[in-house]
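The values are calculated or read from the model by the stated rules, or taken from the named source; none is laboratory data. This structure is a prediction, so every number in the text was calculated from the model and none was measured. Ideal geometry is used to build each Cβ from the backbone, glycine not excepted, and the neighbour counts take in all protein chains shown.
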2 protein chains.
Amino acid sequence: MKLTLLNSTLKADFDIIEKEMELAIQSEIELLQKASVQLLKAGGKRIRPVFVLLSAKFGSYNIHTIKNTAVALELIHMASLVHDDVIDDAELRRGKPTINYTWNDRIAMYTGDYILGSSLEYMTNIHNSLAHQILSNAIIEVCKGEMDQIKDKYRFNQNLRDYLRRIKRKTALLIAVSCELGAVTAGADEKTHRLLYKFGYFIGMSYQIIDDILDFTGTEKELGKPAGEDLRQGNITLPVLYAMQDEKLKSRVLKVNEGTTKEEMVGLISAIKDSGAIDKAYSVSRMYLKKAIHVLDKLPPIKAKKTLRDIAFYIGKRKY
Amino acid sequence: MKLTLLNSTLKADFDIIEKEMELAIQSEIELLQKASVQLLKAGGKRIRPVFVLLSAKFGSYNIHTIKNTAVALELIHMASLVHDDVIDDAELRRGKPTINYTWNDRIAMYTGDYILGSSLEYMTNIHNSLAHQILSNAIIEVCKGEMDQIKDKYRFNQNLRDYLRRIKRKTALLIAVSCELGAVTAGADEKTHRLLYKFGYFIGMSYQIIDDILDFTGTEKELGKPAGEDLRQGNITLPVLYAMQDEKLKSRVLKVNEGTTKEEMVGLISAIKDSGAIDKAYSVSRMYLKKAIHVLDKLPPIKAKKTLRDIAFYIGKRKY
């Protein structure tokens, strides 16, 4: 997240959350501590905490209670990344070696378990049964997303619906829930937290589609991993689905497997870029972005609303 | 669980739960389905569901609502076993090959994740916010137990307190919660569910101590894995702590590591058996059993109370 989008009060609150995250993952077990710190220091955009804080502004905002929601959600996200990297056999994330690559699958497994456990522990600080139901549901969907990811790998005959369901579970839902829970735990009314959920959902869909586009258009430096890595790992994303509408390109895509080299990918990536698939994917992302902005229009005119709009447009234009 | 301890109505309800478990783990992903079914078919004593049902008898018992609690708890337990086997590098459980041994650590990781996800899904059928809080807490403790297990492996200078805390998290807590939640979700009063929690806690402690004794006194056929396997894997249990009170025996125990052969273990096991350590451990188990029976005395005199008492004594005498 580009922090210039946030004002100085929010920045200070954001520091509180970052410090709280460090506390949350502390462990007496040296290896676990090392692995968790490596993960935390690798950064990330922390968009979930940002959305929690901004959504809480629509209720009675108190950083000392809302921080629990923000930390719990970011930790669920981090835990899912660690297990995802095991499933994807990923070596790099955000330019840093993954836990499974630095150590092994086993250590990645229990680092993920540990971070999920810490997240659940933070959740017990939230005294709101609706919040607990929403969070349990979110964890279920994250687990299901993990399963979808396994099931749909190298399954080239999947359709747009499969893709959209997968990115909903993988990304959009947790962003939607971040917006919803920010409002719920700050005591905002039902209409407001339902609108914020919708906003988060649309933004999350738009965000993930752009992420999937960047896998083709980004440089290795920007991505922190080689371009085309998603496809090489068998993750069939929106640009790939559009590219396969061209029969010639489809036959090339169908040949991709774990053994495909980086060099072979270079040619395929540029063919996909030339096919118009990227533009088509962008237009779907823009459609979701528009829907998000439309939802935002229905919310009361507080300062946080403008920041949410700025973030939405920033996400639409982001390059990494 | 020896089903002869249950009457025919309970047996029928127990079948409902077994069928529900099969439904719960169904997956479109072939590998995941295979791994989960292998785990389910390997059986287990299903003591958590039994305690849920019996405790629910202290409230308004309805199998169609209470089954959700029973299934959710048994699935949490199963998920933790799968990840535990990865941590312990275990090849066998209940005489059947483990998932990590049959496939690998990665598949075991996501089978465990999947079963935990299914468990959380069952929990959403429970409309009781106290129940959700208790369950979240239980999952946290199970995660912490997993971490304790990693931290305390081959740490021979641990004391009785470390051991008791570990088995509380590993076993007693989930049994306590099974008893508590059976009562809570059946709408029993607070005094009753607090007593049942205590009963379950004491029974769980007693149960795990006996499990740890059986690792030394059981045969490979009874245990479904070689005797002494816990110690060889670095799990320091109560008999080992007592055995180490003898300096000579201590120096032999300290030499145990992952490379210790089955043959070397045979001599050590018989020395531990001769040291009086087993008797001492049994007396601690009996102490917990007595406390459990004492708690039971305070509960209303319904039929389920007698069954709980029978199960308690059965656990005290079990051979596998």
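Remarks
- Qualifying position, being at pLDDT below 95 and within 23 Å of A:Ile16 (Cβ to Cβ), among A:Ala90, A:Ala70, A:Ala131: A:Ala131
- Test for B:Ser178: is it more than 14 Å from A:Tyr110 (Cβ to Cβ) and buried (at least 21 other Cβ atoms within 10 Å of the Cβ): yes
- Any hit, region B:112-119, residues being part of a helix (DSSP H, G or I), under 19 Å from B:Tyr201 (Cα atoms), of a type in the set (A, V, I, L, M, F, W, C) and out of contact with any Asp or Glu (no Cβ under 9 Å at 6 or more places or on another chain): no
- Candidate set from region A:134-155 (those that are hydrophobic (A, V, I, L, M, F, W, C) and more than 7 Å from chain B (Cβ to nearest Cβ)); member that is farthest from the chain's Cα centre (by Cα): A:Ile134
- Of the candidates A:Lys221, A:Lys280, A:Lys273, the single residue that is in a helix (DSSP H, G or I), among the charged types (D, E, K, R) and out of contact with any helix residue (DSSP H, G or I) (no Cβ under 8 Å at 6 or more places or on another chain) is A:Lys221.
- Subset of region A:293-319 [hydrophobic (A, V, I, L, M, F, W, C) and closer than 27 Å to A:Gln245 by Cβ]: A:Ile315
- Pick from region A:61-113, criterion over 30 Å from A:Asp189 (Cβ atoms), more than 17 Å from the chain's Cα centre (by Cα) and of a type in the set (A, V, I, L, M, F, W, C), ranking: nearest to the other protein chains (Cβ to nearest Cβ): A:Met109
- Exactly one residue out of A:Lys198, A:Lys168 is basic (Lys, Arg), touching a Phe, Trp or Tyr at 6+ places or on another chain (Cβ under 8 Å) and either away from every other protein chain (no Cβ under 14 Å) or surrounded by fewer than 24 Cβ atoms within 10 Å (Cβ to Cβ) (or both), and it is A:Lys168.
- Region A:299-320, residues that are surrounded by 18 or more Cβ atoms within 10 Å (Cβ to Cβ), outside any helix (DSSP H, G or I) and under 18 Å from the mean Cα position of the chain (by Cα): none
- Among the criteria (1) among the polar types (S, T, N, Q); (2) in contact (Cβ under 8 Å) with a residue 12 or more places away in the chain; (3) part of a loop (DSSP other than H, G, I, E, B), the one B:Ser55 does not fulfil is (3).
- Taken over region B:122-136, residues that are touching a residue at least 12 places away in the same chain (Cβ under 8 Å), outside any loop (DSSP other than H, G, I, E, B) and surrounded by fewer than 22 Cβ atoms within 10 Å (Cβ to Cβ) amount to 3.
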